[in-house]
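The values are calculated or read from the model by the stated rules, or taken from the named source; none is laboratory data. Since the structure is predicted, the reported quantities are computational estimates derived from the model, not experimental observations. Here Cβ is always computed from backbone atoms with ideal geometry, including for glycine, and neighbour counts include all displayed protein chains.
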Amino acid sequence: MENIYDGVSLFSGGLDSILAARVLADQGLRMLCLHFWSPFFGSPSSSARERWKRLYGVEVEALDCSREMAALVSGWPPHGFGKVMNPCVDCKILLLRLAKRRMEELGAKFIATGEVMGQRPMSQRRDVLNTIRREAGVDGLLLRPLSALHLEPTPMETSGLVDRSRLLGIHGRGRQDQLALAKAYGFEEIPSPGGGCWLAERENARRYWPIRTRLGSPSASDYRLAAWGRQYWLLAEGQACWLVMGRNSYDNETLKKSQESEDLLAGVCDYPGPLALLRRGRSWTDEARRLAGAMIASYAPKAVQAGGEIGVWMKERSGVQTVVRVLPDMERTSFTRMTFDEVKAEKHLEASRHQAEENLERERRRRERLERKAAEPAPSAGEAGESQPAGANPDSPPEQGS
């Protein structure tokens, strides 16, 4: 592909990523901003890209990393989660790997980010920044223009492609320097601070965590579904049943669009009420579906007031429909919502287990090293004597003055 860009820049839409791209563009470098999106951050919207171009003068390309991010969150990230469910270090490593691939496709020469050294305690310490660069495989390719003067010069700077004297030395958690630079650029709108990652929010963790721990092989669409409606779970007979109930017409329309081949859509017969989605509901037991129907019926006030059993329809994507007769579960004790305290407890147990496994692995490697060393043949007497002068007796005392 013909090289029309000098570099690519990770672009979240936050102030730091905007400034990083502009600082380099002001040197006459042709920069393409890469906006990665997933169920947890970002947006594929073309209107957002047009808005960034109009407000900040940056060219943005949206790239889908949903599959890769879903896989990262569903496993245990090598560098762990942050305070909530944010795998910040491993996320940045992943995005840099993807950015490197795009850079190579475009024939560009380097990758830039808006990272500021010392701004975030988990992912922007000097040692962690070095780890991220090394594990992402972008040594010699990564430029952090906002904190460049606190870091070693990169090949882009030493070669003269980037003028180091026009890069910045921002450090720490304050925003004064960034705000002053934004003012100098004349930005009419300044993005509010914050990472913009839903994995860092407690309320979202209550929705995401049971998906990764209870739903076998979760996909990006599963995590996307977690953003909508009321989320309920039933654990029974070794099966985890996930029920999502719409709160308004927008939720209901989203649930209709989200139905997959193994799901069931459900609603109350003859009365107004919420639309619900039974994720993988076709494989649920009859009792689980009955309990889901009772839960759904409890959110239909007119049906509850009528008294007695209520019909709840359940429809496959193919159009096949059945009706279950239920009494509304007004106690709402069968399907429950996870609390953040439960998330923290499960996360702590899983982290402890992974730490114990890492300790065992380190001990195994240490023992292997010791065994290999012990198995090495000892030097023979002849080999040991080779270092002695010819005719010398190795057992004789040293000469005086030696």
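Below, the figures for the structure above:
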| quantity | calculated |
| --- | --- |
| Cross-chain or 6+ apart pairs with Cβ under 6 Å, the range 40-59 first and surrounded by fewer than 20 Cβ atoms within 10 Å (Cβ to Cβ), then assigned to a loop (DSSP other than H, G, I, E, B) and charged (D, E, K, R) | Leu55/Glu189 |
| Search result, residues across the range 303-342 that are among the small types (Gly, Ala, Ser) and either more than 19 Å from Leu235 (Cα to Cα) or assigned to a strand (DSSP E or B) (or both) | Ala303, Ala306, Gly307, Gly308, Gly311, Ser318, Gly319 |
| Residue in the range 158-198 that is nearest to Leu129 (Cα to Cα), counting only those that are charged (D, E, K, R) and more than 31 Å from the chain's Cα centre (by Cα) | Arg164 |
| Subset of the range 188-237 that is under 30 Å from Leu55 (Cβ atoms) and among the charged types (D, E, K, R) - its residue that is modelled with the highest pLDDT | Arg224 |
| Per-region count, the range 318-373, residues closer than 30 Å to Lys256 by Cα and more than 32 Å from the chain's Cα centre (by Cα) | 16 |
| Looking only at the range 87-138, and only at residues there that are of a type in the set (Asp, Glu) and modelled with pLDDT of 95 or more, the one that is surrounded by the fewest Cβ atoms within 10 Å (Cβ to Cβ) | Glu105 |
| Qualifying residue in the range 67-77 (condition: without any contact (Cβ under 8 Å) to a residue 40 or more places away in the chain, within 30 Å of Glu357 (Cα to Cα), touching a helix residue (DSSP H, G or I) at 6+ places or on another chain (Cβ under 9 Å) and charged (D, E, K, R)) | yes |
